[in-house]
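Some notes on the structure that comes next.
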Amino acid sequence: ARAAKLCQEFNDIPATQPEKQTAKIKQIFGHTGKRVSVQATFNCDNGQNISVGEDFLSNYNLTILDIAPVVIGHNVMIGPNVDIYTVNHPIDAKARRRYMAQGFPVTIGNDVWIGGKASIMPGVTIGSNVVIAAGAVVTKDVQDNVLVGGVPAKVIRRLPKIEA
């Protein structure tokens, strides 16, 4: 109920008031670094399980189902209509009837760009210096320095390492 209330309050703040939006996001998230920008609409399950580093930017309609931790590094950009899930349900129908849910954390490294309409599935770790192509469904861990895309996402090519 806490997260739903805070998300509704955030989503009601006009886009012309970015300082108020940022202040509200800092109430929702468990941790934020400097320079955080989230565009409405935003929705999450808990909020306190979300940690973002320095220079975080998300475009419109980000959903994070955070029954388990979601840790996002520095210099991360998220396109519109992206979904990040930590929750999964059993394959067994009888277990699903009991509304059982399982939480698996998601970790996203530094210098990551997640393209629009991408989906990040429960338990995934995304390395640093990674581009997730628009529309990709990331079901497995992603190594550093790659561009991935497709359903399910696969490595398309390697990216040059970032020089410090």
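So the values come out like this:
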{"read-out": "Filtered residues of segment 5-64 (kept if among the polar types (S, T, N, Q) and assigned to a loop (DSSP other than H, G, I, E, B))", "value": "16, 17, 39, 41, 46, 48, 49, 59, 61"}
{"read-out": "Exclusive hit being more than 19 Å from residue 45 (Cβ to Cβ), in contact (Cβ under 8 Å) with a residue 24 or more places away in the chain, among the small types (Gly, Ala, Ser) and assigned to a loop (DSSP other than H, G, I, E, B), set 164, 134", "value": "134"}
{"read-out": "Evaluation of residue 120 against (1) touching a Pro at 6+ places or on another chain (Cβ under 8 Å); (2) surrounded by 16 or more Cβ atoms within 10 Å (Cβ to Cβ) (one fails), failing number", "value": "(1)"}
{"read-out": "Of all residues in segment 53-77 being of a type outside the set (Ser, Thr, Tyr) and in contact with a Cys (Cβ under 8 Å, 6 or more places away or on another chain), the one that is surrounded by the fewest Cβ atoms within 10 Å (Cβ to Cβ)", "value": "65"}
{"read-out": "Of all residues in segment 81-98 being in a loop (DSSP other than H, G, I, E, B) and out of contact with any helix residue (DSSP H, G or I) (no Cβ under 9 Å at 6 or more places or on another chain), the one that is farthest from residue 132 (Cα to Cα)", "value": "98"}
{"read-out": "Matching residues in segment 151-161 - criterion: being in a loop (DSSP other than H, G, I, E, B) and over 19 Å from the mean Cα position of the chain (by Cα)", "value": "159, 160, 161"}
{"read-out": "Cross-chain or 6+ apart pairs with Cβ under 6 Å, segment 58-76 first and without any contact (Cβ under 8 Å) to a residue 24 or more places away in the chain, then crowded, with 21+ Cβ neighbours inside 10 Å and hydrophobic (A, V, I, L, M, F, W, C)", "value": "64/44; 64/50; 64/70; 64/84; 66/44; 66/50"}
{"read-out": "Candidates 148, 138, filtered to the one that is at pLDDT 95 or above, surrounded by 17 or more Cβ atoms within 10 Å (Cβ to Cβ) and under 13 Å from the mean Cα position of the chain (by Cα)", "value": "138"}
{"read-out": "Any hit, segment 8-30, residues being buried (at least 16 other Cβ atoms within 10 Å of the Cβ), closer than 23 Å to residue 124 by Cα and under 13 Å from the mean Cα position of the chain (by Cα)", "value": "yes"}
{"read-out": "Residue within segment 86-100 that is closer than 22 Å to residue 115 by Cα, modelled with pLDDT of 95 or more and either touching a strand residue (DSSP E or B) at 6+ places or on another chain (Cβ under 9 Å) or among the polar types (S, T, N, Q) (or both) present", "value": "yes"}
{"read-out": "Unmet requirement for residue 111, which otherwise passes all of (1) on the phi < 0 side of the Ramachandran plot; (2) in contact (Cβ under 8 Å) with a residue 40 or more places away in the chain", "value": "(1)"}
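The values are calculated or read from the model by the stated rules, or taken from the named source; none is laboratory data. Small disclaimer: the values here were computed from a predicted structure and weren't measured. Cβ: placed from backbone, ideal geometry, glycine included. Neighbour counts: every protein chain shown.
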